[in-house]
Amino acid sequence: MYDFAYEKPTALAAAVSALTTDDEAKALAGGQTFIPVLKQRLNKPTKVVDLSSLGLSGITVTPSTVTIGAMTTHGDVANSVDVQKAIPALANLASMIGDWQVRHRGTIGGSLANNDPSACYPSALLALGGTVTTDRRTIAADDYFQGMFTTALEPGEIITSVTFPVPERAAYQKFRNPASRYAMVGVFVAKFASGVRVAITGAAQGGVFRHAAFEAALSANFLVDAIAGITTPADDLNSDIHASAAYRAHLIGVMTKRAIAAA
Amino acid sequence: MPSVTLTVNGKTHTVEVEGRTLLVELLREKLGLTGTHVGCDTSQCGACVVHLNGTSVKSCTTLALQADGASVVTIEGLAAADGTLHPMQEAFRENHALQCGFCTPGMVMSAIDLVMSHPQGLSESDIRHGLEGNLCRCTGYHNIVKAVAAAWPVMHGRELAPAE
């Protein structure tokens, strides 16, 4: 790992300033992706700005929303009785990220800022139609994800919290890589009075995406059989040593059906 | 050079570190606590698990500076001063839950967190899933799972209720 300066600001404005005055500075949330990246020398920041003393942890639940502070760990989301009651699929998703120790450190804000194409949380944000709140604005999920490892965040912009609308029903199903625990295909299905949203992670070259054909069919009829005849084109899906694009296309259908059944 | 002040196994240390110094490097190289191991160095294997403010974390994926002000417990901090083993260490010994022993410090630290965070009880399945962040290449896990189950009633001071 290359060496770097380390700062742990205690005010959001100071953290934003530390990141904006130095374009080689990087934010550190839970570090469960970022520290391994640093070890591999894939990133060489001049300065690492630790966001852990900004008071960005915590969970607030209202009858219609769940708001999670950016520095809230996966473990705290998974174990939150309030989240389990309001959006059990979200708590379940958090409980399947990494392993016990990774969940003690990894954060929702870090995951969403990184936007790994195989991460779980992006599918929840997109399927639930949530919003990302930052130090300067609120960004709708549909505008937030802009391709693999790419988001609408500006340089130095820090996520402060994430808000999810409470759906009527929802479920997350993950076909995970048994070694890395990342999603080879993960499907988050959410049913609202206004319709059904389906988001797929782990599968596509461009990262998380909404499955329009499934959404249309399920909005008309929220049953496993509703998507029986719909196939997913493999054109833009990932092929790697773990799974071919055609296999991932197949898994999208299988995992979506499981999610509908579980919702 | 920045410095970090932290409590390790009840003793407070102030140590000069680099920004890039990992918690496990601080423990092993600066404090000489080599019971915490580095296995994979990629946060997969769990040989480096320690308790940071009471919860198990992978010390190879934590910066030393992130532990400033924190309380850390390592495998060296478990046994009593007179050498009496922690109930989890004793259970590992009784159940032959190790062969080469490389993964054991991390396994024990994870297992203690697992038991303490499940006061309502632990099924065999809970234990196997709870230890998913710790890899052992010798035992096939079976005796480790037995050891964790055996330690639960000792650590909680009551019998484990029958599984669902």
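A short reminder: the numbers here are calculations on the coordinates, not readings from a lab. Please read these numbers as outputs of a predicted model, since none were measured by experiment. Ideal geometry is used to build each Cβ from the backbone, glycine not excepted, and the neighbour counts take in all protein chains shown.
Summary table below
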read-out	value
Assigned charges on the beta-carbon of Lys, Arg, Asp, Glu; the range A:15-79 dipole about Cα centre (debye)	240 debye
Expected 222 nm ellipticity per residue - DSSP helices of 4 or more, -39500 (n - 2.57), all of chain A, to 500	-9000 deg cm²/dmol
Antiparallel DSSP beta bridges within the range B:3-77, as percent of all bridges there, nearest 5	85 percent
For chain B, built as a Gaussian network whose Cα springs stay under 10 Å, the top-fluctuating residue of B:101, B:121, B:19	B:19
Options A:52, A:2, A:185, ranked by Cα towards positive dipole end of chain A, top entry (Cβ charges)	A:185
Lys, Arg +1 and Asp, Glu -1 on Cβ, resulting dipole of the range B:87-156 about Cα centre, debye, nearest 20	180 debye
Per-residue average of Cβ from other chains inside 10 Å of B:65-74	2
Cα-derived Rg to Rh of the range A:5-50, Kirkwood definition	0.97
GNM result for chain A, Cα springs below 10 Å: residue of A:77, A:187, A:208 fluctuating most strongly	A:77
Translational D in µm²/s for the range A:94-231 (Stokes-Einstein at 10 °C, 1.306 mPa s, Kirkwood Rh from C-alpha pairs)	103 µm²/s
Trypsin sites (Lys or Arg not before Pro) restricted to the range A:1-74 and DSSP loop, no more than 15 other C-beta within 10 Å	A:41
Neighbour-limited loop hits for GluC sites (Glu not before Pro), the range A:143-225 (at most 12 other Cβ within 10 Å; DSSP other than H, G, I, E, B)	A:168
Fraction of antiparallel bridges per DSSP, the protein assembly as shown only, in percent to nearest 5	85 percent
Under 26 Å from residue B:30, Cα to Cα: lysines that are on another chain or at least 8 residues apart	A:8, A:39, A:44, A:47, B:11, B:58
Lysines whose Cα lies under 19 Å from that of residue A:191, excluding same-chain neighbours fewer than 8 positions away	A:85, A:174, A:257
Expected 222 nm ellipticity per residue - DSSP helices of 4 or more, -39500 (n - 2.57), all of chain B, to 500	-8000 deg cm²/dmol
Range in chain B, longest, excluding exposed trypsin sites (Lys or Arg not before Pro) [loop by DSSP; at most 11 other beta-carbon atoms within 10 Å]	B:1-136
Relative contact order (percent, whole number), the range B:3-77, Cα cutoff 8 Å, 6+ residue spacing	42 percent
Cα-projected label distance for residue A:239 with residue A:14, points at 7 Å along beta-carbon direction, nm	5.2 nm
Residue B:154-residue A:2 FRET efficiency (beta carbon distance; Förster radius 45 Å; 0.05 resolution)	0.45
Extension reserve of the residue A:220-residue A:44 stretch, reckoned as 0.36 nm per residue once the Cα distance is removed	58.4 nm
Cα-centre dipole for the range B:1-157 with unit charges at Cβ (Lys and Arg positive, Asp and Glu negative), debye to 20	160 debye
Cα-based equivalent ellipsoid of the protein assembly as shown: semi-axis lengths in Å, sorted from largest, via gyration tensor	36, 28, 19
For chain B, built as a Gaussian network whose Cα springs stay under 10 Å, the top-fluctuating residue of B:117, B:71, B:56	B:117
Distance in nm between pseudo-label sites at residue B:1 and residue B:128 (7 Å out along the Cβ direction from Cα)	4.7 nm
Inter-chain shielding of B:53-61 (mean C-beta neighbours from other protein chains, 10 Å cut-off)	5
